Amino acid sequence: MRSKRNLTRFTYEHTAFQGWRLCLSRGGTTFTKYFSDKHYGGGKKSLDAAESALSDLKDLLDSSKRVQGKLTPTAVRKAEKLLLER
């Protein structure tokens, strides 16, 4: 499996974590979430969860209101809540 835009694959021999990292920057804020193979039951399932979360996050942030080019605190809280629920 190869990394994709906004999704990076972590598979190192000497680390405890193997899975996907979602990292998205919008409106001056960076959102990051890790999707572990162990938690989701394998590489494909963790990738599916990461892609789903990325799609939902993009939809939320692209439709959010901005003030002087920055996301509002409400939009940031909604995005963080969305990632916590995953």
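Some points to look at:
- Student exercise, the stretch 7-84 dipole from Lys, Arg, Asp, Glu Cβ charges, in Debye to nearest 20: 320 debye
- Environment charge at residue 66 (Cβ cut-off 14 Å; Lys +1, Arg +1, Asp -1, Glu -1): +3
- Pairs exceeding a 18 Å alpha-carbon distance, out of 45/78; 33/58; 44/78: 45/78; 44/78.
- Rounded to the nearest 10 degrees, the angle from helix 73-84 to the longest Cα principal axis of the chain is 20 degrees.
- Across the chain, the fraction of Cα-Cα pairs farther apart than 18 Å, rounded to a whole number, is 43%.
- Folded to 0 to 90 degrees: helix 43-62 orientation relative to the chain principal axis, Cα: 10 degrees
- The residues neighbouring residue 5, those whose beta-carbon lies less than 12 Å from its own, together hold a net charge of +2 under the Lys/Arg +1, Asp/Glu -1 convention.
- Signed unit charges on C-beta, dipole axis of the stretch 7-84, positive-most listed residue 14, 36, 84: 84
Any read-out appearing in this document is the output of simple, stated calculations on the displayed coordinates, not a laboratory observation. Values in this document were obtained by computation on a predicted structure and should not be read as measured data. All Cβ positions, even for glycine, are placed from backbone atoms using ideal geometry, and neighbour counts span all protein chains on display.
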